[in-house]
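A short worksheet on the structure shown next.
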Amino acid sequence: MAAGTEPHVWAVVLAAGRGERFGRPKQFERVDGIRLVDRAVDIVRPHVDGIVLALPPGMSWDGPTVEVVVDGGATHAESTSVALAALPAEADTVLITAPSHPLIDASLIADVLGEIHRGADASVPLLPLADAVKVHDATGVHSVFTSTRPSQAQLPFGFRRSVLDEATTRWPDFVEELEAVERLGGTIAAVDGRPTNIHVATPADLALATLILRHG
C-alpha cells in the first residue's frame with residue numbers, strides 16, 4: 001500500500017468448520033437470537049469494502065449481504081486459501097474473522113486495522129492469561145512459561161494482503177495465518193484484546209456469550 005493512498009479493506013469470514021469440539025456446526029447456532037455467522041458478517045460490514053464468506057461445501061447463503069461466497073476446504077488452511085484467492089486485486093488489507101468470536105467490537109477492529117495502516121504486516125489482539133500455564137505428562141506437572149507472561153490470541157487478525165498471500169503460498173499447511181507470516185519474517189503488531197471477546201468452542205461458551213450480550 002503506497003503512502004497516502006486509501007486502503008482497500010476486505011474481510012474474510014471463515015465459517016466452513018464442522019464444529020467438532022462443539023458437537024455440531026456452531027456457526028449456525030444462535031446467540032441472543034442471531035446466528036453466529038450472521039453476527040460475524042454484521043460486525044465487520046461497517047469497516048470493510050467487501051466480504052468473502054467461506055461456507056461448508058454446497059451450502060447456500062441466506063444471511064446478510066456478502067460480496068463473495070466460496071466453498072471452504074477440509075482444513076482451516078484450505079478454507080483460508082480459497083477465500084484469499086477470491087479477493088479482488090484491489091484488496092490490499094485483509095481482516096480475518098470467524099463466527100467463533102461473536103462479541104468483537106468496533107474499537108477492536110479499528111485497533112487491528114490501525115496497525116496495518118501504520119505499516120505492520122499483521123496485527124492480532126492479545127489478552128494476557130490470568131492463570132499460570134502448565135503441562136501435565138507422565139513425568140509430572142511442568143511450567144510452560146517462566147520469564148514471560150503468556151497471552152491468548154483473539155480474532156480478528158489483520159494483514160497486509162501481499163504478505164499474507166506470500167506466506168500462505170509458501171507454507172500452505174499453516175495451522176493459522178499468523179504462524180505463516182511469522183515464518184516469513186513479517187512484522188506482527190499486538191493490540192489489546194478484550195476480556196469479553198470470548199472464543200465460542202462449546203455450548204457453555206455460547207451460553208456465556210449470550211449472558212455477556214444481555215448483561216454486559
Those residues of the stretch 46-58 which are surrounded by 15 or more Cβ atoms within 10 Å (Cβ to Cβ) and either of a type outside the set (A, V, I, L, M, F, W, C) or over 23 Å from Ala89 (Cα atoms) (or both), in sequence order: His47, Asp49, Gly50, Pro56
Under 6 Å between Cβ atoms, which residue pairs at least 6 apart in sequence (or on different chains) link something in the stretch 47-59 that is in contact (Cβ under 8 Å) with a residue 12 or more places away in the chain with a partner that is crowded, with 22+ Cβ neighbours inside 10 Å and among the hydroxyl-bearing types (Ser, Thr, Tyr)? Ala54/Ser79
What residue, among those in the stretch 19-37 that are touching a Pro at 6+ places or on another chain (Cβ under 6 Å) and closer than 17 Å to Ala54 by Cα, is surrounded by the most Cβ atoms within 10 Å (Cβ to Cβ)? Gln27
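So, in the stretch 165-189, of the ones that are touching a Leu at 6+ places or on another chain (Cβ under 7 Å) and surrounded by 15 or more Cβ atoms within 10 Å (Cβ to Cβ), which residue ends up nearest to Ile116 (Cα to Cα)?
Out of the qualifying residues, it is Ile188.
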Failed item in (1) touching a Leu at 6+ places or on another chain (Cβ under 9 Å); (2) modelled with pLDDT of 95 or more, with Arg149 passing the rest: (2)
Tell me the strands (runs of 3 or more DSSP E) entirely within the stretch 3-101 that contain at least 2 residues that are out of contact with any Asp or Glu (no Cβ under 9 Å at 6 or more places or on another chain). 9-14, 68-71, 93-97
From the set of residues in the stretch 102-132 that are in a strand (DSSP E or B) and of a type outside the set (A, V, I, L, M), which is surrounded by the most Cβ atoms within 10 Å (Cβ to Cβ)? Ser123
Among residues belonging to the stretch 19-61 that are of a type in the set (D, E, K, R) and at pLDDT 95 or above, point out the one that is farthest from Ala207 (Cα to Cα). Asp49
Filter the stretch 67-121 down to the residues that are under 27 Å from Ala201 (Cα atoms) and without any contact (Cβ under 8 Å) to a residue 12 or more places away in the chain and list them by number. Ala74, Thr75, Glu78, Ser107
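Name the single residue, out of those in the stretch 71-99 being in contact with a helix residue (DSSP H, G or I) (Cβ under 8 Å, 6 or more places away or on another chain), of a type in the set (A, V, I, L, M) and closer than 27 Å to Ile198 by Cβ, that is surrounded by the most Cβ atoms within 10 Å (Cβ to Cβ).
Val94
The values are calculated or read from the model by the stated rules, or taken from the named source; none is laboratory data. The shown structure was predicted, so the numbers you read here are calculated from the model rather than taken from an experiment. No Cβ is skipped: glycine too gets one built from the backbone with ideal geometry, and neighbour counts run over all protein chains shown.
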